[in-house]
2 protein chains.
Amino acid sequence: MSVVAPRGFKAAGAAIGIKGGGRLDAALVVADDVAAAAAAVFTQNKAPAAPVQLSRDHLAKTGNRVRAILLTSGNANAATGIEGLAAAEALSDYVARDVGCKGSEVLLCQTGLIGIPFPLTDAVSGLHRLVPQLERSAVAGTQAATAIMTTDTFAKEVVIEADGFVVGGMAKGAAMLAPDMATMLAVLTTDAAVSSEDLGRALHAAVGPSFNSLLVDGATSTNDTVIVMSSGTAGAVDHEAFTKALSAACLKLAEDMAFDAEGATKAVRITVTGASDDASAHQGARKVANSLLVKCSLNGEDPYWGRVLSEIATAGIDMDPLTTTISYGGIAVSRSGIAADHDAAAVAAHMAERWISIEIDLGLGAGRGAILTTDLGHGYIDENRTTS
Amino acid sequence: MSVVAPRGFKAAGAAIGIKGGGRLDAALVVADDVAAAAAAVFTQNKAPAAPVQLSRDHLAKTGNRVRAILLTSGNANAATGIEGLAAAEALSDYVARDVGCKGSEVLLCQTGLIGIPFPLTDAVSGLHRLVPQLERSAVAGTQAATAIMTTDTFAKEVVIEADGFVVGGMAKGAAMLAPDMATMLAVLTTDAAVSSEDLGRALHAAVGPSFNSLLVDGATSTNDTVIVMSSGTAGAVDHEAFTKALSAACLKLAEDMAFDAEGATKAVRITVTGASDDASAHQGARKVANSLLVKCSLNGEDPYWGRVLSEIATAGIDMDPLTTTISYGGIAVSRSGIAADHDAAAVAAHMAERWISIEIDLGLGAGRGAILTTDLGHGYIDENRTTS
């Protein structure tokens, strides 16, 4: 059911001619009747795409109220200058007219190649097919989640049933993974009645250990966007319970992204414990996850802890090899900076799994952090060598 | 001639049984008669290898005077604990006895796999073959430069003939590129009479735009070491002239490393100008050089400037797409954040070359910086998937 699992939302997916060949390339999520309270997190990229500029502007104008979100794939509308901004405004105006709301109540998410003019004329006629298809049904939800896929191999949807309310969501792509994908987008919905301020607080807490802890190639795209909308039909809820449900939804979508990352054969969780503080633990996990050498060894199913030790020792955080333990799948392979006796067959069996876990205990304090990442293999390079 | 080009030094290379199969795996550089003034720069890795710990300790004991440098390849002697340190001390003691100097006047550089006990017993008998082979000849210099090669495809040597003095050098490997290589090592020599303090100042200036601007995979190995020794036979020289010659020698060796980086098909110079200051320019160039997406597109000879723009816009430095120009081989392909008309055939011809240049002008200030890097292709992954 994804984004339409909570009451108060409809969705649709369609082929509007951006990609061509009848491929699904546009999704619409609409709040019933009135604009919903909303919050969003955007890329920190200093060259944000036109849809990011437009959505920021619209949220400021409406005081974070959103009636509809249009998502398109096949062209990022990034590095497209004034013409790109005009195309974004035109898209949101067309949707507003069809839905029957203000232009500023529409947000826009786009993904695809950077630096190519957006084919507005090709897209406009198809765009009008979206609103008539809006439904609250599992089919419509999956159709929308499918329409934002690019090189994803499965639609990424989530439903969290909490005590008295529901959080639903859909997402595409992890980080900048392939030329026709180029970004991560996520839309979350809830029937819990939450103010836009509280949505913002909860979203900020939820993206930290999920989307912001997902590191495939270290790139922060021009288009990354996460949006949450509240219809309020389920009434007021406990803020902590809501934050917990939203966090669970975001984590599930982030795990799906790691699992389905383009060209990857492994999804990997790198956990650092025993750091002097949480920030250090996160920084250490990020350094290991960024290491091409570690990622290559994961591709080869080789538990080469020496590289993990070398990376954590150059992460710019407090660490001492003598107090450090490195484990794969819970099995310690290095203690005190040197090799530790271990069950090599058990480690080999873990390395052969699709999900691999590397645990680094620095033995210094109570700080902990985790990063989701992938291996690095031929597939990633083949996807990214050329744009053609 | 490399390290023996300046008067006052002899060198040798030999197979001492670390790698096995009669492959060259040890080099020795020795100052004639007395210990030479020296300076060194070591890895910032918090888990430094045994040879790095030993060399730091020896330099402190002697007040930066060095008679001999032993370099071995095939085993990094890193993450090897107390036994590794004992092996390092034994190696330097054996060399000291053969050369006829104090143990503390010997430095040690090692490279290879991490976390494998060093095969001291295998190496000791062969070690004694080094001193009898010491010579001041082109053959001996090249033999030494060859003995530290691992997956390098050519010996990296340099000779800079300055006004009244000479700087020579040899090096291996760029960053952590392959499992049996795992580090970069460089030894430089000069006949200019320079105090160890002045050698240190000159070396610090020289490594910035050379070895410290060489970024292949972002890894700072456990073993990285650069050492410079002065025999003084050419007498006192102007400090600026010496720094200039030493910098030229280091840059030539760094360029050789980029050109010969394991698994790379392209050597790439990324130059950022117009930044608010030099540090920002360097940080921006480093961010672009670290980008897997940019590196993949270089492998595909695809001048995908959108990724370059996206990376420089997330480098954490002052930048504005509207003032930014991106060029490949001096040909502007993007201005003001959007595509610029250009001679596509000329850009394609540049992309087909072995050396590629990407120039980013931020249009803000006078800051400039450059990074040497490589593309990312199947070869890198194949070298690094497994240690076997």
Counted residues in the stretch B:295-311 being at the interface with chain A (Cβ under 8 Å from one of its Cβ atoms) and closer than 18 Å to A:ASN223 by Cα come to 7
Counting only residues that are part of a helix (DSSP H, G or I) and either free of Cβ contacts under 8 Å to residues at least 12 places away in the same chain or of a type in the set (A, V, I, L, M) (or both), the stretch A:312-357 contains a total of 9
If we keep only residues of the stretch B:162-194 that are crowded, with 24+ Cβ neighbours inside 10 Å, in a loop (DSSP other than H, G, I, E, B) and modelled with pLDDT of 95 or more, then the residue farthest from the other protein chains (Cβ to nearest Cβ) is B:PHE165
Restricting the stretch B:50-76 to residues that are part of a loop (DSSP other than H, G, I, E, B) and touching a residue at least 40 places away in the same chain (Cβ under 8 Å), the one farthest from B:THR222 (Cα to Cα) turns out to be B:GLY63
Condition set within 14 Å of chain B (Cβ to nearest Cβ), of a type in the set (A, V, I, L, M, F, W, C) and within 25 Å of the chain's Cα centre (by Cα), scope the stretch A:361-388, selection surrounded by the fewest Cβ atoms within 10 Å (Cβ to Cβ): answer is A:ILE381
Q: Restrict the check to the stretch A:277-291 and report whether at least one residue is surrounded by fewer than 20 Cβ atoms within 10 Å (Cβ to Cβ), out of contact with any helix residue (DSSP H, G or I) (no Cβ under 9 Å at 6 or more places or on another chain) and under 19 Å from A:ALA186 (Cα atoms).
A: no
Going through the stretch A:50-79 in order, the residues found to be surrounded by 24 or more Cβ atoms within 10 Å (Cβ to Cβ) and either among the aromatic types (Phe, Trp, Tyr) or within 14 Å of another protein chain (Cβ to nearest Cβ) (or both) are A:ALA50, A:VAL52, A:ASN75, A:ALA76, A:ASN77, A:ALA78, A:ALA79
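This table checks each residue for (1) touching a Lys or Arg at 6+ places or on another chain (Cβ under 6 Å); (2) of a type in the set (Val, Ile, Thr); (3) buried (at least 24 other Cβ atoms within 10 Å of the Cβ); (4) at pLDDT below 95.
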| residue | (1), (2), (3), (4) |
| --- | --- |
| A:GLU197 | no, no, no, no |
| A:ALA202 | no, no, yes, no |
| A:ASN212 | no, no, no, yes |
| A:ASN223 | no, no, yes, yes |
| A:THR233 | yes, yes, no, no |
Selection from the stretch B:17-39 of residues under 20 Å from B:HIS128 (Cβ atoms), of a type in the set (A, V, I, L, M) and either surrounded by 24 or more Cβ atoms within 10 Å (Cβ to Cβ) or outside the structural domain of B:ALA140 (by TED's automatic domain parsing) (or both) yields B:ALA26, B:ALA27, B:LEU28, B:VAL29, B:VAL30, B:ALA31
- prompt: Within the stretch B:254-265, can one find any residue that is small (Gly, Ala, Ser), over 13 Å from the mean Cα position of the chain (by Cα) and part of a loop (DSSP other than H, G, I, E, B)?
  reply: yes
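Matching residues to (1) assigned to a helix (DSSP H, G or I); (2) at positive phi:
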{"residue": "A:GLY17", "(1), (2)": "no, yes"}
{"residue": "A:LEU24", "(1), (2)": "no, no"}
{"residue": "A:ASP33", "(1), (2)": "no, yes"}
{"residue": "A:PRO48", "(1), (2)": "no, no"}
{"residue": "A:ALA78", "(1), (2)": "no, no"}
{"residue": "A:TYR94", "(1), (2)": "yes, no"}
{"residue": "A:CYS101", "(1), (2)": "no, no"}
Restricted to the stretch B:80-102 and to residues being touching a Phe, Trp or Tyr at 6+ places or on another chain (Cβ under 9 Å) and away from every other protein chain (no Cβ under 14 Å), the residue nearest to B:ARG385 (Cα to Cα) is B:ALA88
Checked against (1) free of Cβ contacts under 8 Å to residues at least 60 places away in the same chain; (2) within 30 Å of A:ILE114 (Cβ to Cβ), B:SER280 satisfies every condition except (1)
When you look at A:THR271, is it hydroxyl-bearing (Ser, Thr, Tyr) and under 21 Å from A:ALA38 (Cα atoms), yes or no? no
If we ask which residues in the stretch B:327-338 are within 10 Å of another protein chain (Cβ to nearest Cβ), touching a strand residue (DSSP E or B) at 6+ places or on another chain (Cβ under 9 Å) and among the aliphatic types (A, V, I, L, M), their number turns out to be 1
Across the stretch A:337-357, the tally of residues that are polar (S, T, N, Q) and modelled with pLDDT under 95 stands at 0
| query | Among the residues of the stretch B:313-323, is there at least one that is away from chain A (no Cβ under 14 Å) and surrounded by 17 or more Cβ atoms within 10 Å (Cβ to Cβ)? | reply | no
Looking at the stretch A:234-250, can you tell me whether even one residue there is of a type in the set (Asp, Glu) and either in a helix (DSSP H, G or I) or over 19 Å from A:ASN45 (Cβ atoms) (or both)?
yes
For B:ASN290, the lone unmet condition from (1) away from chain A (no Cβ under 14 Å); (2) under 18 Å from the mean Cα position of the chain (by Cα); (3) among the polar types (S, T, N, Q) is (1)
B:HIS282: passes all of (1) within 12 Å of chain A (Cβ to nearest Cβ); (2) touching a Gly at 6+ places or on another chain (Cβ under 9 Å) but (1)
Of the listed residues (B:ALA249, B:ALA245), the one being more than 13 Å from the chain's Cα centre (by Cα), surrounded by 21 or more Cβ atoms within 10 Å (Cβ to Cβ) and closer than 21 Å to B:ALA370 by Cα is B:ALA245
Test: B:ILE360 is within 17 Å of B:ALA315 (Cα to Cα), at pLDDT 95 or above and assigned to a strand (DSSP E or B): yes
Residue set B:ALA332, B:ALA281, B:ALA313, B:ALA275; condition at pLDDT below 95, assigned by TED's automatic domain parsing to the domain that holds B:HIS350 and small (Gly, Ala, Ser); output residue B:ALA313
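The values are calculated or read from the model by the stated rules, or taken from the named source; none is laboratory data. Note that the structure is predicted; figures quoted are calculated from it, not measured. Reconstructed Cβ throughout: ideal geometry from the backbone, glycine too, with neighbour counts over all protein chains shown.
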